1. Which pairs have Cβ atoms under 6 Å, sit 6 or more apart or on different chains, and link a residue in region B:363-388 that is assigned by TED's automatic domain parsing to the domain that holds B:E350 and within 13 Å of B:L18 (Cα to Cα) to one that is within 15 Å of the ligand (Cβ to nearest atom) and modelled with pLDDT of 95 or more?
2. Suppose we keep only residues that are more than 10 Å from the ligand (Cβ to nearest atom) and open to solvent by less than 40 Å² (accessible area, probe 1.4 Å) within region A:175-194. Which one would you say is nearest to the other protein chains (Cβ to nearest Cβ)?
3. Do we have any residue at all in region B:203-218 that's more than 14 Å from chain A (Cβ to nearest Cβ), buried (at least 18 other Cβ atoms within 10 Å of the Cβ) and in contact with a Cys (Cβ under 7 Å, 6 or more places away or on another chain)?
4. Out of the residues in region B:140-175 that are buried (at least 21 other Cβ atoms within 10 Å of the Cβ), within 14 Å of chain A (Cβ to nearest Cβ) and part of a helix (DSSP H, G or I), which is nearest to the ligand (Cβ to nearest atom)?
5. Which ones in region B:45-86 are open to solvent by 30 Å² or more (accessible area, probe 1.4 Å), under 14 Å from B:N516 (Cβ atoms) and either free of Cβ contacts under 8 Å to residues at least 40 places away in the same chain or outside any helix (DSSP H, G or I) (or both)?
6. Just one of the numbered conditions (1) near the ligand (Cβ under 9 Å from one of its atoms); (2) free of Cβ contacts under 8 Å to residues at least 60 places away in the same chain; (3) assigned to a helix (DSSP H, G or I); (4) open to solvent by less than 50 Å² (accessible area, probe 1.4 Å) is not true of A:V202; which one?
7. Scan A:L22, A:L38 and give me the residue that is free of Cβ contacts under 8 Å to residues at least 60 places away in the same chain, within 12 Å of another protein chain (Cβ to nearest Cβ), open to solvent by less than 90 Å² (accessible area, probe 1.4 Å) and more than 28 Å from the chain's Cα centre (by Cα).
8. Tell me yes or no: at least one residue of region A:99-112 is within 14 Å of chain B (Cβ to nearest Cβ) and open to solvent by 30 Å² or more (accessible area, probe 1.4 Å).
Amino acid sequence: MNLVKPYGDTLNDGAMQISFTLPVPFGGKAKECAKLYLEKLGFKKADIVHMAELSESFSFFVAYVKTDVSIDYDSVEFTPAIDKAMSMDEVNAFIKEKIKRKVVVVGAATGFDAHTVGIDAIMNMKGYNHHFGLERYPMIEAMNMGAQVPNEKLIETAKKINADAILISQIVTQKDSHIKNLTNFIELIEAEKLRDKFVLIVGGPRINNKLALELGFDAGFGPGTYAEDVATFIVKKLYEKKVK
Amino acid sequence: MKTRKAKKNLKKTEILGLEFKKIEKARKLSDGITANVQKYINLHTTTTIERATLRLLGADGADKNGVPVPNIIVDKMKDKISEGVSKYYLNALVKSGKTPGELNNEIANGLDISKMELGDESKIKSKAKEMVEALDKRLSENVKFRNQKIKEYSSNEKKPWIYVIVATGNIYEDVKQAQAAAMEGADIIAVIRTTAQSLLDYVPYGATTEGFGGTYATQENFRIMRKALDEVGDKLKRYIRLVNYCSGLCMPEIAAMGAMERLDMMLNDSMYGILFRDINMYRTFTDQFFSRMINASVEIIINTGEDNYLTTSDAVEKAHTVLTSQFINESFAKRAGMKEDLIGLGHAFEMNPDIKNGFLLEFSQALMAREIFPLHPLKYMPPTKFMTGDIFKGYAMNTMFNFVTKATNQTIQLLGMLTEAIHTPYLQDRFLAIENAKYVHNNIADFLGEVSFKKDGIIVKRAKQVLDESVKMLEEVNKIGLFDAIEKGMFADVKRPKDGGKGFEGVFEKSEDYFNPIEDYLKNKLKIR
Ligand code: B12
């Protein structure tokens, strides 16, 4: 057991900062309401340190609160897609040695999504933040289909080029549009009985590995991902499949 | 600081010492570039230009499946688009003796006006004249009303104009947010469009409450927001400007709707659709011209989209592509009858915050834009790409941006949101952004008048370098032509093939007897050719 709670300036003081808006007119009553609301959430001590009028019917609050609630850090389960990324060279050596042929990867931002910078960061030659993209990997053949690609078209292309892995980027997440689109993708690929033919990976700022697994993908990557993270996962997974 | 006009006898701009000779050269090259494209534009029309024309002549409404009347008409006349579709609508008005409203209803219920035999040409023409006169009256009243309000409240006007976005997806929710923003100090409200509207080849009809990442642009939504902003503006004694997005496959139709509902600004770029939505280039160029004529005719300020280039290409390396595109956008706009004071050229504060002296480079480029385009209502965009979930750092970055904006006297300032990387703005995000901007605007009000810059310092040298690189790029684009330049990926690092992209099938060569009374009206009014 390792019980923890938020830290302000003393261990276990339980201090947190919170800001929020209530649809009530500005004034003393609004402030009291905000404080009571925080207490209702279970906070032990709530200080409304600032409030402002947003319009005739909305008020904004900044609050500092304290909590009694703690959590057992040891009980937290977390599985990242990979433990440690291999470098580009290591990935290449791994492929040469263990897979013994080029690995084919196709990727796209699918559905309505017109954002290309994320998938480009992973796939294009230039990469991102001085980390080369998959196109640069000698043992990987990477095809970036760009954005606004329908799920059907991505699957069709993956079949045509005999891809090992499919990479999907989802940047627009408002109203859970990404969940719908990703679910649709899995349904389509299962209907074609191709689910196990490909390593399926999804990435984007609101994506994490847990969510990806829940949706039926093999792995999910969030902000700050580089090509080597994805490459590491792909080659290890392919090798695992091969050995099986 | 007042906008400094370029004085005739000066050889260089006042602060950065940019040579007017080079600026003139850039303009000439740009005119050469757009002249070639304009030749193509003049010979073509598109499905959406025809629909915009119909809308301005009275076509409106939708059938029970939501297909808009202008689409119903044009879809049935694919073989007649070359000659101009509006004459069939006018013919139907003449023959049936109905009002546009009555005729629209019948079309929505299945009447096929392409099957009605064309009647006497002179009658069609006089109907056209009647409808155009009615339109002109409506549009002139809009312009007059706006100018009157601006004048009435002029003593409360501050610059830069504070521009914020609302994007709830629900127009009624947007209204609450927009009114709140205006009360907090916003001067301009943009209702951002829902994801993927730009790829719809029709404009939805009626008030809408469902959209993601934005709200549908519909004529009814325009009307609802216009009314709300007029109301709150009168309370505050400020004219609150309304903006929408005149881009995508229905660019001219959005312009038409905006003109009728008194929008004040439109995002309207000559290349954005090509580069960022993969719309065909011939389609986009043809559409942007018609839409800009409409915007010009009602004094709508356009905002161009150069800021976007810096999300797909590097802001330091590719700064000159922004300036190059500004020259090209300016030239296209002038061909469509726009004067400088309507051409809101776009640029942005988008450098990686880790760069040493990045602030100086941003400052330099913003000032450069101001000096090269002294009469233009420049639209300056905040950091977006390098905004992350660290909202605290984001707020600091926005403060730096606010500093540059005010100090270099930009006209239109789209405020950065601390939650840019997370969601479309919450009510409180917008409030915090406006607080930050108001603080900086006031706190450094007369900054530029107090300082001068080293002749060979980072700021002056940077601006000269960017201008030089831009002239070089313009020379190259001039040599190979704009179509090829885009195909090669010279803008935004995005490559688009000439015959690729969406909407190419909607482009038609005009026949010799092409008839379009709205085009004639606009060209006449704007004194084009
Ligand atoms: C640039 C940008 C644009 C540009 C895109 C240009 C282009 N060609 O890509 C333009 C201007 C076109 C644009 C348009 C729109 N945008 Co935008 N845009 C952004 C912005 C500013 C930056 C995104 C970016 O490039 N980040 C940099 C990259 C490198 O980071 P990343 O995408 O997160 O990618 C990394 C990881 O997530 C991961 N990753 C991503 N994909 C993948 C895939 C795989 C397989 C893997 C392994 C990893 C991975 O790795 C990458 C590198 O580390 C963000 C705000 C922000 N700061 O995030 C808004 C943002 C994403 N946009 C947004 C919106 C709403 C839109 C529009 C819908 C607006 C509208 N109503 O029209 C339209 C989209 C239209 C459409 N059909 O999609 C919202 C999304 C809100 C949400 N949560 O849904 C944001 C958050 C802005 C906001 N606050 O409103 N946008």
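1. B:A369/B:H347
2. Going through region A:175-194, the residues more than 10 Å from the ligand (Cβ to nearest atom) turn out to be A:179-194.
In the following step, the residues that additionally are open to solvent by less than 40 Å² (accessible area, probe 1.4 Å) were identified as A:181-182, A:185-186, A:189, A:194.
Working: A:N181: 11, A:L182: 15, A:F185: 17, A:I186: 21, A:I189: 23, A:L194: 27 Å.
My answer is A:N181.
3. yes
4. Only one residue fits best here, namely B:D174.
5. Listed by number, the list holds a single entry, B:K80.
6. For A:V202, the exception is condition (3).
7. Numbers: A:L38 fails: within 12 Å of another protein chain (Cβ to nearest Cβ).
Just a single option satisfies the conditions, and that option is A:L22.
8. Kept after step one, since they are within 14 Å of chain B (Cβ to nearest Cβ), are these residues of region A:99-112: A:108-112.
Now narrow it down to the ones that are open to solvent by 30 Å² or more (accessible area, probe 1.4 Å): A:112.
Among the residues of region A:99-112, at least one is within 14 Å of chain B (Cβ to nearest Cβ) and open to solvent by 30 Å² or more (accessible area, probe 1.4 Å), which makes the answer yes.
The values are calculated or read from the model by the stated rules, or taken from the named source; none is laboratory data. Worth saying up front: this structure is predicted, and the values here are computed from it rather than measured. Cβ atoms come from the backbone with ideal geometry, glycine included; neighbour counts cover every protein chain shown. Surface accessibility is based on the protein's heavy atoms, side chains included, excluding ligands, DNA and RNA. Shrake-Rupley method; radii C 1.70, N 1.55, O 1.52, S 1.80 Å.
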